[in-house]
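Asker: My questions will all concern the structure given below.
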Amino acid sequence: MRRHSFGRSFDHSLGHSAPDRTRHAFEPGKLVAGLAILGMAAAYGMDAAGEWDVRPEIALPALLGALCVAALTSALTYALRRRSRRATPEEGVAESGG
């Protein structure tokens with residue numbers, strides 16, 4: 001019977017589990033979008049606590065701009081990864097010497 005690791009590899013000799021880092025690539029666009037949304041949530045939280053006065057006519061366009069930066073970051077990341085994948089020679093192709 002085969003056991004599935006669900007993203008974790010297990011070394012039976014040491015008894016330690018380590019995360020499987022081959023499943024997903026780092027996506028900086030999602031990081032930027034998440035930080036933008038967390039920043040907006042923090043600003044509105046401070047507004048609700050009475051510490052700041054957050055005006056929606058300033059905050060919402062700032063959020064929209066941050067999400068546009070996240071989209072641009074994702075597009076650039078995609079383009080760079082695609083370009084580097086094309087530049088990498090295929091495995092198993094022998095070079096002809098001469």
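Asker: Under 1.5 on a/c is rounded, so check that first for region 27-73, then, if it is not, pick prolate when a/b is larger than b/c and oblate when it is not; a ≥ b ≥ c are the square roots of the alpha carbon gyration tensor eigenvalues.
Answerer: Cα axes put region 27-73 in the oblate bin.
Asker: Just to check I understand the Karplus step: with θ = phi - 60° and J = 6.51 cos²θ - 1.76 cosθ + 1.60, what whole-Hz values come out for region 49-58, glycine and proline as x?
Answerer: 7, x, 7, 10, 10, 8, 8, x, 6, 9
Asker: How would 32, 69, 54 rank on accessible area, largest to smallest, probe 1.4 Å?
Answerer: Ranking 32, 69, 54 by accessible area, largest first, yields 69, 32, 54.
Asker: Between residue 30 and residue 68, what is the label-point separation in nm under the 7 Å Cα-to-beta-carbon projection?
Answerer: 2.5 nm
The values are calculated or read from the model by the stated rules, or taken from the named source; none is laboratory data. All figures in this text were calculated on a predicted structure; none of them were measured in a lab. No Cβ is skipped: glycine too gets one built from the backbone with ideal geometry, and neighbour counts run over all protein chains shown. Ligands, DNA and RNA are stripped out before the accessible areas are found, and what is left, the full protein with its side chains, is counted by its heavy atoms. Shrake-Rupley method; radii C 1.70, N 1.55, O 1.52, S 1.80 Å.
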